[in-house]
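**Student:** Dropping the structure in here first, questions after.
The values are calculated or read from the model by the stated rules, or taken from the named source; none is laboratory data. What you see is a predicted model; the values in this text were computed from it and never measured. Ideal geometry is used to build each Cβ from the backbone, glycine not excepted, and the neighbour counts take in all protein chains shown. Only protein heavy atoms, including side chains, enter the accessible area calculation; ligands, DNA and RNA are left aside. Shrake-Rupley method; radii C 1.70, N 1.55, O 1.52, S 1.80 Å.
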Amino acid sequence: MIKTRFLSGKDNNEIAEAAQILARGGLCAIPTETVYGLAADAYNGKAVAKIFEAKGRPQDNPLIVHIEKLDRLYDLWEEVPERALKLAEAFWPGPLTMVMTKTDKVPREVSCGLDTVGVRFPEHPIARKVIQLADTPLAAPSANLSGKPSPTTFAHVKEDMDGRIDAILEGGDCFVGVESTVVDITGDVARILRPGAITEEMIADVLGNAFTDSAVEEGLKEGEKPRSPGMKYRHYAPASPVKLFCGAPDDTAKKVMDAPAGAAVICFNEYAYGYEYASRLSAVSKVSPLGNSWDHAMHARRIFDALRSCDGATAIYVQCPRRMGAGAGSVNRLMRAAGFNFEKCTQYPVIGVTGRSGSGKSYIAKLLSEELGYPVFDADAEYKKMLESGGEMTRKILQAFPSVNDKGKVDRRALAKIVFEDKAAKELLESITHPCVAEKASEFIKNSKGCILDVPLLHESGIGRLCTAVLGVIADEDVKLQRIMIRDGIDVTMAKARLAAQSDDKFYYDSCDITVRNNGEGSKNLSKLAQKLIKL
Ligand code: AMP
Ligand code: MG
């Protein structure tokens, strides 16, 4: 039993102390943006060997080396290819680890007998400061006991490592929350061995191509040799058995609601609160919210804490996030934690396509429809149809906005004027229209075997919760303006005002599984994208 020192990352002297411990061959847990790392001097084989002991890590699972000067790559790798420099330029400092052929300077304790080594340049200011002061690359796996969920808070590290290592440097909660993306760049095409916040699509954008190793999504097949030793171990797992429910959030919500007595539930915020009112709440031991169903960044940040906090329950039922794009990291960790024990809750793909006016989303929806042979639900057209038919939705609108009543019909211009100027009125209108359009979308889904939903306010309307995949479409500002002006016959000032009232590109990057830019090239790579989107 070692007396573990607790150091504060807010205090420069204590950061320096952590660096000294490391430079002298000690072990210190440090915060990074992904998860807390258990660090040792990467050039000191003896120090590195102690990491395996402290974690109980299998001897053949190599460690990632952390640097804070790009030049270090030339000490660690035999060759620094152009593609590495491009990825470094795009994503470092940040949550990307690149695997290349190592030099003899990298001790075998780090690489565990492989002839390659993974290197990462973290973004976290405290991590960078420690590496800089220690004046050596640091080898660091996650600072948890081997097999357990990774630590994303100081309390997690303390729980696992107190008494086993020299020090823990406190640095608050990790803001990414799942480990770095690991990409093997020894071959011509980048191969993702572990998904994370830097997605396959982002890497392909920089290099022109990238793919994810099949073992990532499906697990290793009987007798298959892993490309990354870490793939073969039970990982990220609490002691309680974990079961995953995959599919559209509204479908998976029904399943997790049925969790057996004594189980814990990890679900999206939209359902967590409903759960509290459900009569079955008394039966489950805990409900841990994972963030809104569309919020991949929040899922990543929450996932390990949610798993740890549910440990001890008879079972953990998890509403699985969508797996594409930024969801891939969270889903991969959950699959591993569950030992690939999952149930598909949605039968056919439901692909949501969303974007601002003029982004060309309807065009992309049409191309996808031709590619896949799926029908398209056009929310705008459906809304107009309902307004004209004078049914339930019209009745409710006229009740809420009597001044737009034009002989029993809605005066659309008058209504548009009211809600354009008044935020509360807009919200009131949407509280009427969104559920009506969503109900139409539900019917459409039921009547098709796979479909595409073309919906401008996909998440806001709740229709995103019916989707198994969500594609965001963006376009450059001038392209959108041109399109709106031509399509709707309005001038540039009007077109600009309309665009200004909508969400920015970041909203789509954050809330959609995959986002494509459609400045006219439209169909590029579309069939590959379509295949990704239909994967359940
Ligand atoms: P951790 O240290 O807990 O973040 O896990 C590191 C992950 O990266 C493990 O899954 C390792 O198997 C993987 N990894 C590290 N170095 C290499 C390498 N040289 N080749 C392939 N995978 C690696
Ligand atoms: Mg780990």
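**Student:** Just from its helices, what would the mean residue ellipticity at 222 nm be for the chain, if runs of 4 or more DSSP H residues each count -39500 (n - 2.57) and the sum is divided by every residue, rounded to the nearest 500 deg cm²/dmol? Mind dumping the intermediate values first?
**Tutor:** Numbers: 22 runs with 217 residues, N = 536.
It lands at -12000 deg cm²/dmol.
**Student:** Moving on. Sketch the reach of a paramagnetic label on residue 188 as a point 7 Å from Cα along Cα-to-Cβ, and name the residues of segment 206-221 whose backbone nitrogen lies under 17 Å away.
**Tutor:** Only 207-211 pass the distance filter.
**Student:** Now, a different point. Can you pull out the trypsin sites (Lys or Arg not before Pro) in segment 197-287 whose DSSP state is coil and whose Cβ has at most 15 other Cβ atoms within 10 Å?
**Tutor:** Working: sites: 221, 227, 232, 234, 243, 254, 255, 280, 286; in loops: 221, 227, 234.
Here the sparse-neighbourhood loop sites are 221, 234.
**Student:** Per residue and in cubic angstrom, what volume does the convex hull of the Cα atoms of the chain have?
**Tutor:** Working: hull volume 90.8 nm³, N = 536.
So the per-residue hull volume is 169 Å³.
**Student:** Taking H placed 1.01 Å from N in the peptide plane, check which residues at least 5 places from residue 503 or on another chain put their amide H under 5 Å from its amide H.
**Tutor:** For residue 503, no residues qualify.
**Student:** Which of the residue pairs 384/423; 102/528; 46/148 have a Cα-Cα distance greater than 31 Å in the structure shown?
**Tutor:** Working: 384/423 21 Å; 102/528 34 Å; 46/148 24 Å.
Long pairs (Cα-Cα over 31 Å): 102/528.
**Student:** Please compute the per residue accessible area over segment 392-536 with all protein chains in place, 1.4 Å probe, rounded to a whole number of Å².
**Tutor:** Numbers: 7890 Å² over 145 residues.
Computed with neighbouring chains in place, this is 54 Å² per residue.
**Student:** Something else: Please compute the length gained on full extension between residue 507 and residue 89, using 0.36 nm multiplied by the number of residues separating them and subtracting their Cα-Cα distance.
**Tutor:** 148.1 nm
**Student:** May I pose another question? Which of the trypsin sites (Lys or Arg not before Pro) across segment 323-425 are loop residues per DSSP, with 14 or fewer other Cβ within 10 Å?
**Tutor:** Here the sparse-neighbourhood loop sites are 407.
**Student:** Under the rule of at least 5 residues apart or a separate chain, name every residue whose amide H is placed under 5 Å from the amide H of residue 102.
**Tutor:** Answer set, sorted by chain and number: 78, 116, 117.
**Student:** Oh, and also: Looking only at GluC sites (Glu not before Pro) in DSSP loops with at most 11 other Cβ atoms within 10 Å, what is the longest site-free stretch of the chain?
**Tutor:** Working: sites that count: 79, 222, 521.
It works out to 223-520.
**Student:** If DNA, RNA and ligands are ignored and the probe is 1.4 Å, what is the ranking of 377, 420 by accessible area, most exposed first? List each step's numbers first, then the result.
**Tutor:** Numbers: 377 5, 420 140 Å².
Output order, biggest surface exposure first: 420, 377.
**Student:** So what is Rg over Rh here for segment 350-458, counting just Cα atoms and using Kirkwood for Rh? Kindly include the intermediate steps, with their values, before the conclusion.
**Tutor:** Working: Rg = 15.2 Å, Rh = 15.0 Å.
Here the Rg-to-Rh quotient is 1.02.
**Student:** Under 20 Å between alpha carbons, and skipping anything fewer than 8 positions from residue 129 in its own chain: which lysines qualify?
**Tutor:** In chain and number order, the partners are 10, 69.
**Student:** Ok, one more. Roughly how many percent of the accessible protein surface of the chain is carbon and sulfur, given a 1.4 Å probe and a whole-percent answer?
**Tutor:** Working: 11710 of 23410 Å².
Carbon and sulfur: 50 percent of the exposed surface of the chain.
**Student:** Ignoring ligands, DNA and RNA, what accessible area per residue does segment 174-269 give at 1.4 Å, in Å²? Walk me through the numbers on the way to the answer.
**Tutor:** On the way: 3840 Å² over 96 residues.
Result: 40 Å² of accessible area for each residue.
**Student:** Report, in cubic angstrom per residue, the convex hull volume of the C-alpha atoms of segment 118-191. Walk me through the numbers on the way to the answer.
**Tutor:** Working: hull volume 9.2 nm³, N = 74.
Convex hull of Cα atoms, per residue: 124 Å³.
**Student:** By how many nm would the segment from residue 370 to residue 411 grow when fully extended, if each residue of separation counts as 0.36 nm and the alpha-carbon distance is taken off? Show your work: numbers first, answer last.
**Tutor:** Values: separation 41, 0.36 × 41 = 14.76 nm, distance 3.58 nm.
Full extension from residue 370 to residue 411 adds 11.2 nm.
**Student:** Quote to one decimal, in nm, the extra length available between residue 389 and residue 460 on full extension: 0.36 nm per residue of separation minus the C-alpha distance between them. Walk me through the numbers on the way to the answer.
**Tutor:** Working: separation 71, 0.36 × 71 = 25.56 nm, distance 2.41 nm.
Extra length from residue 389 to residue 460 when fully extended: 23.1 nm.
**Student:** Note down the relative contact order for the chain as a percent, whole number, built from C-alpha pairs under 8 angstrom at least six residues apart.
**Tutor:** 14
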